1. Quick one: which of L155, L134, L165 is among the aliphatic types (A, V, I, L, M) and more than 29 Å from G96 (Cβ to Cβ)?
2. Tell me which residues, restricted to segment 66-90, are surrounded by 15 or more Cβ atoms within 10 Å (Cβ to Cβ) and of a type in the set (A, V, I, L, M).
3. When only residues in segment 129-177 that are without any contact (Cβ under 8 Å) to a residue 24 or more places away in the chain and under 16 Å from L86 (Cα atoms) count, which is surrounded by the most Cβ atoms within 10 Å (Cβ to Cβ)?
4. I need a count of the residues in segment 95-114 that are within 17 Å of L186 (Cβ to Cβ) and in a helix (DSSP H, G or I).
5. If you scan segment 52-75, which residues turn out to be over 25 Å from the mean Cα position of the chain (by Cα) and part of a helix (DSSP H, G or I)?
6. Of all residues in segment 34-65, count the ones that are in contact with a Phe, Trp or Tyr (Cβ under 9 Å, 6 or more places away or on another chain), surrounded by 16 or more Cβ atoms within 10 Å (Cβ to Cβ) and of a type in the set (G, A, S).
7. Just checking, how many residues over segment 115-161 are among the basic types (K, R) and assigned to a loop (DSSP other than H, G, I, E, B)?
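Please treat every number below as a calculation from the coordinates, not as lab data. This structure is a prediction, so every number in the text was calculated from the model and none was measured. A quick note on method: Cβ atoms are made from the backbone with ideal geometry, for glycine too, and the neighbour counts reach across all protein chains shown.
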Amino acid sequence: MARTEKTRIEKARPQRPGTAGARAGKGPHPPPGAEPARYARPARLLHWVMAVFVVGLIPAGLIMANMDSGPLQDRLFVLHESFGALVLVLALVRLGYRLRHPPPPLPPEVPAWQRRAAGAVHALIYAALIAMPLTGWAGTHAFGAPVTIFWLFDLPAFIGKDEALAGRLFSLHLALGLALGGLVVLHAGAALGHRFLRRDTVLARMWPP
């Protein structure tokens with residue numbers, strides 16, 4: 001009889017916020033109005049600096065490649081190569097930082113399929129950010145031209161002159177650029193969907209400052 005009464009009291013006792021979610025394996029929900037878990041400041045800075053570079057480099061590269069040869073195109077090539085090399089360095093730094101400092105967890109209400117999709121898109125973006133500058137670097141040297149960084153120095157050549165190979169590398173470089181542009185649009189669209197349709201805190205995790 002005492003045990004039955006104790007059980008009845010425990011069932012009637014109100015649970016603390018988030019307890020049910022934690023027991024279901026979903027993790028505790030933050031209390032209303034709580035500040036969402038955010039990426040660390042260095043990760044946010046790297047993200048937005050690289051976003052500006054990538055959004056500028058892809059259309060600029062398409063315009064530059066279709067210009068008439070001349071001094072203006074030569075200057076644009078140097079700038080494109082310079083910022084492309086900078087993106088490669090930043091991508092490697094950001095990947096290393098991410099491995100040492102895992103991102104904050106997604107909100108518990110995000111479905112499992114969206115978590116898997118987000119992970120796949122992030123992996124593809126990192127792969128493109130690394131492969132794209134490398135193919136441009138290799139293609140330029142295979143074409144027989146230097147890769148000049150901000151008119152200060154040339155990157156070392158790691159491939160000999162081969163114009164046929166250069167054509168294939170530049171085609172791959174273009175394909176990677178278009179694929180990266182599509183991934184960026186998908187990534188940004190998903191983030192905005194979380195902000196304005198689902199109204200959760202996914203975008204707030206990376207929002208500056």
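1. L165
2. Answer for segment 66-90, where residues must be surrounded by 15 or more Cβ atoms within 10 Å (Cβ to Cβ) and of a type in the set (A, V, I, L, M): L76, V78, L79, A85, L86, V87, L88, L90.
3. D154
4. 2
5. A65, P71, L72, Q73, D74, R75
6. Residues that pass the stated criteria total 1.
7. 1
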